[in-house]
């Protein structure tokens, strides 16, 4: 679950091309400043965590489908350029096209530790992924017909629920969590913003403790590294 992806910045907010509010992230959002975590790295803003309430203002299918699942946290990754017509599949390929831990020794170590614990305690055994519990059964006929990937398709440890032009949703269920990763791509002047939202549904009393233990590592190491790599790959692909 580590893959599911301190305030402030090193520049004065008025001089930054990113004003750290919802207007700079998406034309669909308006209101007060929402980035609660972030830092500058090599001229790029990485690790931008936004308020769940602002993500929920976006017109997305996942809000209704996951209405009974707590929204754990949301990250927004600014992507410069790209040209017109980019889709969520373009952004997803940039975000997950390579192992997200490949460029960071600390993150690689965290992933290795998590999978080792999973093997030792049987957290990731197939028996925990109960087919009847999958949200694929909640999809409407319209969802299924509009999805660019067949619902239920396996994507590594995840199960794809749907992939639309600007939104995608996948789920993962094991002994620790029933988690959902939602991606949304919005266009803005000069580029795009990729949102990564994580929903977590408890599967046992252990879920809350598990998330409390991994959250500091997710928020301080994993997602900033993931965001930085996504921005770098996007620039290389679409500069």
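The values are calculated or read from the model by the stated rules, or taken from the named source; none is laboratory data. Owing to the predicted nature of the structure, the values given are computational and were not obtained by experimental measurement. Note that we place each Cβ from the backbone using ideal geometry, even for glycine, and neighbour counts take in every protein chain shown.
Points worth noting:
- For residue 192, the conditions (1) over 18 Å from residue 114 (Cα atoms); (2) more than 16 Å from the chain's Cα centre (by Cα) all hold with the exception of (2).
- Residue satisfying condition, being modelled with pLDDT of 95 or more and part of a strand (DSSP E or B), within set 181, 208, 212: 181
- Residue check for residue 165: outside any helix (DSSP H, G or I), surrounded by 20 or more Cβ atoms within 10 Å (Cβ to Cβ), at negative phi and at pLDDT 95 or above: no
- Helices (runs of 4 or more DSSP H) within segment 53-162 that include 3 or more residues surrounded by fewer than 12 Cβ atoms within 10 Å (Cβ to Cβ): 105-121, 141-146
- Matching residues in segment 123-149 - criterion: being more than 21 Å from residue 168 (Cβ to Cβ) and touching a helix residue (DSSP H, G or I) at 6+ places or on another chain (Cβ under 8 Å): 123, 124
- Options 81, 97: the member that is touching a strand residue (DSSP E or B) at 6+ places or on another chain (Cβ under 7 Å) and within 17 Å of residue 232 (Cα to Cα): 81
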